[in-house]
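Have a look at the structure below, then the notes.
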Amino acid sequence: MILESLEVSNFRNLSGKISWGPGLNIIYGNNGQGKTNWLEAIHTLSRAKSFRTQRLQEAIRFGEDTAFIEGSVSSGSNLQRQLRVSLIANTKSISVNGKREQLARYLGQLQVFAFTADQLEVVRGSAEARRHFIDRGVASLRPAYVRTVADYNKILKQKNRILQDAAERDFRREVVEDLVTPWNEQLAILGTEIHHARVDYTQRLNLALERNLFEPAELEIRYASSLESKGELSHYEALLRERLQLRLAAELAAGRSLIGPHRDDLALHLAGREMRVYGSSGQQRSALLLLDLAAISVYNSQHQDYPVFLVDDVDAELDEKRIKRLLEFLEGRTQTFITTSKRNHLEGFLSKANVHEIVQGKAWSAELNSGAFSAAATPAEVGQ
């Protein structure tokens, strides 16, 4: 899977079009010029959402009402398609080859994995960030899984509203049970599907981990169900139904649902110790990279293709040794996009890379001149 070109208008401070190389693409520039914005544009083209904001409309250039991102993607035997995400005021539309498409069918047209500072929440933050990481991975193998999770969350929201109303209005238990039973039935079915999908994906990640890529590391991951020690996880649906019934009084007191895969976690341990608590900053970054690379390998084993990989501010997040090992590992595998404001860590890879310098949001094809980046005389593409 290759992103051949990307054209942007009024997205953040970006304008113009860039043609990319199939291997390593280096996006270089001083801070504040828009390097990360180009990665955000690629991510948005892939998933129709940003890794920086929940409201895409915030990415429209100030003073403008519309923005668009359009990319040419190739895969397989020269199969090519044009993807487009258009933002108009508070609406968003997505299309493939000029035809509007539903999100479920759009996802997977350009598969992107990203290593960013925000993604470090997967190893150092809340369980929610780790659940999202697993769910993104499952969806990369089965795009329809996005609908399963969305349906589960919608039903969970409906149940929580009932529990809150019941607590405020002091409903009798029998009334509450009648109200939540239909929702629990659906939660049991969808929750079981989510549980099995996450457990399977976690097992695949474990097998794909390149544990010795950066240094000898005993990184272990395990899907940690909130129903552990409550019964037989091998009969998860029956156990979930049982716990939903048994914990109704507690849920009513709390005013929210306490049982289900929305309470689960991904346990990360290094040498037997919890990564979130005891891992150093460098170890946490390495662990996230190992998870990302494992996700890329799992995707490749399923699709016989590689996704696009984004690495933001590579020299701020990784030391020179890790950068070298990372880029060596990715060579010949993924189309990789990295942003940097420095060059000293990338010396050995410049001759192999497609390099663009970003100046005030515009991309210029960079030339290597006397060991330094130098902007070419003309922009990367016309129209800037």
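Annotations
- Rounded, prolate or oblate (a/c below 1.5 giving rounded, otherwise prolate when a/b exceeds b/c) for the stretch 10-87 by Cα gyration tensor: oblate
- A prolate overall shape is assigned to the chain, the ratio a/c of its alpha-carbon gyration tensor axes (a ≥ b ≥ c) being 1.5 or greater and a/b exceeding b/c.
- Three-way shape call for the stretch 1-148 based on the alpha-carbon gyration tensor, with the a/c threshold at 1.5: rounded
- Dipole of the chain computed with +1 at Lys/Arg Cβ and -1 at Asp/Glu Cβ about the Cα centre; of L3, G361, G63, farthest Cα towards the positive end is G63.
- Dipole of the chain [Lys/Arg +1, Asp/Glu -1 at C-beta], most positive-end residue of N300, G76, A267: G76
- Applied to the stretch 261-266, the Karplus parametrisation 6.51 cos²θ - 1.76 cosθ + 1.60 on θ = phi - 60° returns per-residue 3J(HN,Hα) values of x, 6, 10, 7, 8, 10 Hz, with x for Gly and Pro.
- Label-point separation, R211 to T181 (7 Å along Cα→Cβ), nm: 4.9 nm
- Separation of the D65 and A250 label points, Cα + 7 Å toward Cβ, nm: 5.4 nm
- Between S280 and N153, residue separation times 0.36 nm minus the direct Cα-Cα distance comes to 42.3 nm.
- Protection proxy ranking of 193-203, 268-278, by the mean of other Cβ atoms within 10 Å over each peptide's residues and highest first, is 193-203, 268-278.
- Cα-centre dipole for the stretch 55-184 with unit charges at Cβ (Lys and Arg positive, Asp and Glu negative), debye to 20: 400 debye
- 12 Å beta-carbon shell around V180, net charge (K/R +1, D/E -1): -1
- The chain: relative contact order in percent, alpha carbon pairs under 8 Å with at least 6 residues between: 26 percent
- Residue (of S126, L103, N153) at the positive-pole extreme of the stretch 1-155, dipole from beta-carbon charges: N153
- Spin-label model, L233 to N30: label points 7 Å out along the Cα-to-beta-carbon direction sit 5.3 nm apart.
- Computed from the C-beta positions of E58 and K99, the FRET efficiency with R₀ = 35 Å rounds to 0.80.
- Distant-in-sequence amide contacts of L227, defined by a placed amide H-H separation under 5 Å and a gap of 5 or more residues or a different chain, comprise nothing.
- Mean Cβ neighbour count within 10 Å, used as a protection proxy, ranking 40-48, 257-265 highest first: 40-48, 257-265
- The chain, dipole about Cα centre (Lys/Arg Cβ +1, Asp/Glu Cβ -1), debye to the nearest 20: 440 debye
- Lysine pairs within the chain, Cα separation less than 16 Å, 8 or more sequence positions apart or different chains: 8
- Relative contact order %, the stretch 246-323, counting alpha carbon pairs below 8 Å whose residues are six or more apart: 15 percent
- Residue-count net charge about R211 - beta-carbon cut-off 10 Å; Lys, Arg +1, Asp, Glu -1: -4
- Mean Cβ count within 10 Å, highest first, over the residues of peptides 57-70, 238-251: 238-251, 57-70
- Net charge of the neighbourhood of I338, taken over other residues with C-beta under 11 Å away and scored Lys/Arg +1, Asp/Glu -1, is -3.
- Relative contact order for the stretch 106-206: 31 percent, from Cα pairs under 8 Å spaced at least 6 residues apart, divided by residue count.
- Using the Cβ-Cβ distance between D118 and R172 with R0 = 51 Å, the FRET efficiency computed as 1/(1 + (r/R0)^6) comes to roughly 0.65.
Values in this text are rule-based calculations from the coordinates and carry no lab data. All values reported here derive from a predicted model rather than from experimental measurement. A quick note on method: Cβ atoms are made from the backbone with ideal geometry, for glycine too, and the neighbour counts reach across all protein chains shown.
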